1. E105: over 15 Å from the mean Cα position of the chain (by Cα) and among the acidic types (D, E), yes or no?
2. Looking at region 101-124, which of its residues are part of a loop (DSSP other than H, G, I, E, B) and in contact (Cβ under 8 Å) with a residue 24 or more places away in the chain?
3. Looking for something assigned to a strand (DSSP E or B), more than 16 Å from V10 (Cα to Cα), modelled with pLDDT of 95 or more and open to solvent by less than 60 Å² (accessible area, probe 1.4 Å) - is there at least one such residue anywhere in region 34-54?
4. Filter region 1-16 down to the residues that are open to solvent by 70 Å² or more (accessible area, probe 1.4 Å) and in contact with a Gly (Cβ under 9 Å, 6 or more places away or on another chain) and list them by number.
5. Could you count how many residues in region 83-100 are within 16 Å of the chain's Cα centre (by Cα) and either assigned to a loop (DSSP other than H, G, I, E, B) or among the β-branched types (V, I, T) (or both)?
6. Quick check, is L133 touching a strand residue (DSSP E or B) at 6+ places or on another chain (Cβ under 8 Å), modelled with pLDDT of 95 or more and part of a strand (DSSP E or B)?
7. Can you confirm whether E66 is open to solvent by less than 80 Å² (accessible area, probe 1.4 Å) and at pLDDT 90 or above?
8. So which residues in region 69-116 are touching a Pro at 6+ places or on another chain (Cβ under 8 Å) and surrounded by fewer than 11 Cβ atoms within 10 Å (Cβ to Cβ)?
Amino acid sequence: HLDYAPEPTVAAAGCHHRAVARITLAEDATLRWYEELILGRHKEQPGRHTSRFDVTLNGVPLLRHELRLDDPAVYGSRAVLGDARAIGSILLVGPNLPRTSHTDEDLSVLPLAGPGVLITATAPNSAVLRHRLEQAEKSTTS
């Protein structure tokens, strides 16, 4: 079992951050991959950020996911992030996860084709984001 939950990444003004993770899991492995991204410090415009994670389970691709926030005119629009200043996700891989999806304005819980669920959320700040992600994870794993 791998449980990855680092401190939030802050895309401070002027940064050009890129993170890539490639995870290869054995057939009986489980995973909890938790990430938070804060767009800029207090009252600061965010820098650029791209993150990608590729998860392979038992030799088969389970998830290929990329978040690219490199043009504020695009990702700051209502169609993408709007007023959100915090973005996060939890990837859960393992047996007995629910196969139903749930979405609303600021949260999505999406089952994967294999034994996994991707939870994504947006929020005005990190406290609200963490609460949304924790509640979604509890409802997914209970």
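The values are calculated or read from the model by the stated rules, or taken from the named source; none is laboratory data. Everything quoted here is computed from the prediction, not taken from an experiment. So basically every Cβ, Gly included, is an ideal-geometry build from the backbone, and we count neighbours across all protein chains shown. All accessible areas refer to the heavy atoms of the entire protein, side chains included, with ligands and DNA or RNA removed. Shrake-Rupley method; radii C 1.70, N 1.55, O 1.52, S 1.80 Å.
1. So E105 fits the description; yes.
2. If the condition is that a residue be part of a loop (DSSP other than H, G, I, E, B) and in contact (Cβ under 8 Å) with a residue 24 or more places away in the chain, then D106, L112, A113, G114, P115, P124 are the ones that fit.
3. For region 34-54, residues assigned to a strand (DSSP E or B), more than 16 Å from V10 (Cα to Cα), modelled with pLDDT of 95 or more and open to solvent by less than 60 Å² (accessible area, probe 1.4 Å): present.
4. Within region 1-16, H1, V10, G14, H16 meet the criteria.
5. The qualifying residues number 5.
6. Values: touching a strand residue (DSSP E or B) at 6+ places or on another chain (Cβ under 8 Å): yes; modelled with pLDDT of 95 or more: yes; part of a strand (DSSP E or B): no.
Judged against the criteria, L133 is not a match.
7. The answer is yes for E66.
8. Selection gives D83, P95, R99, T100.
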